[in-house]
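Structure first, then comments.
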Amino acid sequence: MSIVVTGATGHLGRLVLESLLRRGAPAGELVAVGRAVDKLDDFAGRGVQVRAMDYDDAGSVAAALKGASRVLLISGSAVGQRLEQHRTVIDAARAEGVELLAYTSIANADSTGMKLAAEHQATEKLLAESGLPHVLLRNGWYLENYTEQLPGTLAQGGFAGGAGDGKVSAAARADYADAAAAVLLADDQAGKVYELGGDQAFTMAELAAEISAVAGQPVAYQDLPAADYAAMLAGFGVPADFVGILADSDVGIARGDLLVTSGQLASLIGRPATTMPDAVRSAVAALKDAAPEHGTGKEADPAAK
């Protein structure tokens, strides 16, 4: 059985490969594909096949999927271009006779009104119409969306947003990678839809309180109307298109669009998902460890690589 992991040079793709190897998948049956294949030298050294692939090059996609039994289509990161990129992979997988394609979508894709979900929804529709056996991995938010911002959060004494009292069921990127690996190695997955998120949802105010407690300094969350939050982001130099997506995503959180209560993530990975407090403790500890040498100094879509 040959398993192809697209977007393998990204954070999620690399973690999926690591999980597949830990779960006993033979290295020679794994195919890691991406544009910057030099970033995959470590996997090649462990026996994983490495192939160059560009979502925008149909020929490279067809070559990368040659002989594939199962494919993990990790959503592209180029918002606005992803649907056609995904179509290219889906068409190649169908032509190759792939037995299963797993796609990293977004939580509650069938009901959310978030702008970020539009291309995921369209890709799910493409898959349904393609006749290709597939499984949907509807990933929630990454905890890293918050922990990777900790240096700035601590330096500023807080962070702002427009999520109100909405709860988000975030989990660690490694948790979602583990779930993808479990599905790729399991039988009878075609037609299944997994709503994936952390076991313990939290509000932004609760996140701020946890950071404050762990870091030992006051950290506050400032809730803003969507327009004010967008203006603040623009003032920080965030590109206009991304400003709209970020502000709209917080509105989605306020509505409950990223609240997941299925318990399917923990079930797939065979353990509790990483909690927000655990992630904050680990991130703050890492900053403190790095401080003597480097100083604390100063990704939005969960489905993307």
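Just so you know, all these numbers are worked out from the coordinates, no wet-lab data involved. These numbers come from a predicted model, not from an experiment. Heads up, the Cβs are rebuilt from the backbone with ideal geometry, glycines too, and the neighbour counts pull from every protein chain shown.
Here are the numbers for this structure:
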item	result
Charge dipole (debye, nearest 20) of region 1-114; +1 at Cβ of Lys and Arg, -1 at Cβ of Asp and Glu	240 debye
Overall dimensions of region 73-160 by Cα: Rg and Dmax, Å	16.3, 54
Rg ratio (alpha-carbon, reference 2.2 N^0.38 Å) - the chain	1.00
Electrostatic dipole magnitude of the chain [Cβ: Lys, Arg +1; Asp, Glu -1; Cα centre; debye, to 20]	460 debye
Charged-residue dipole, Cβ positions (Lys, Arg, Asp, Glu), region 106-222 about Cα centre, Debye nearest 20	280 debye
Spin-label proximity, Arg255 to region 132-171 - amide N less than 20 Å from point 7 Å beyond Cα toward beta carbon	138-142, 161-170
Nonlocal amide H pairs with Asp199, under 5 Å, H built at 1.01 Å	Ala273
Amide proton proximity set for Leu100, modelled H, under 5 Å, gap of 5+	Val71
FRET efficiency, 1/(1 + (r/R0)^6) with R0 45 Å, evaluated for Gln217 and Glu84 via beta carbons	0.45
Around Asp110: net Lys/Arg minus Asp/Glu count, Cβ-Cβ under 15 Å	0
Point-to-point label distance, Asn145-Lys66, nm (Cα→Cβ direction, 7 Å offset)	3.9 nm
Long-range HN-HN contacts of Ile106 with modeled amide H, under 5 Å	Asn139
Signed unit charges on C-beta, dipole axis of the chain, positive-most listed residue Gln81, Leu40, Gly244	Leu40
Cα gyration tensor shape for region 233-291, rounded if a/c is under 1.5, else prolate or oblate	oblate
Table column - 3J(HN,Hα) (Hz), region 140-154, Karplus curve with 6.51, -1.76, 1.60, x for Gly and Pro	x, 5, 7, 4, 5, 4, 9, 5, 6, 9, 4, x, x, 4, 5
For region 214-299, with +1 on Lys and Arg beta carbons and -1 on Asp and Glu, the positive-most of Val219, Met232, Ile269 along the dipole	Ile269
Calculated FRET efficiency for the pair Ala58/Asp38, C-beta based, R₀ 25 Å, to 0.05	0.65
Count of lysine pairs in region 26-183 with Cα separation under 26 Å (8 or more residues apart, or interchain)	4
Local net charge near Met1, Cβ-Cβ under 14 Å (Lys/Arg +1, Asp/Glu -1)	-2
Overall form of region 196-249 per C-alpha gyration tensor (a/c, 1.5; a/b vs b/c)	oblate
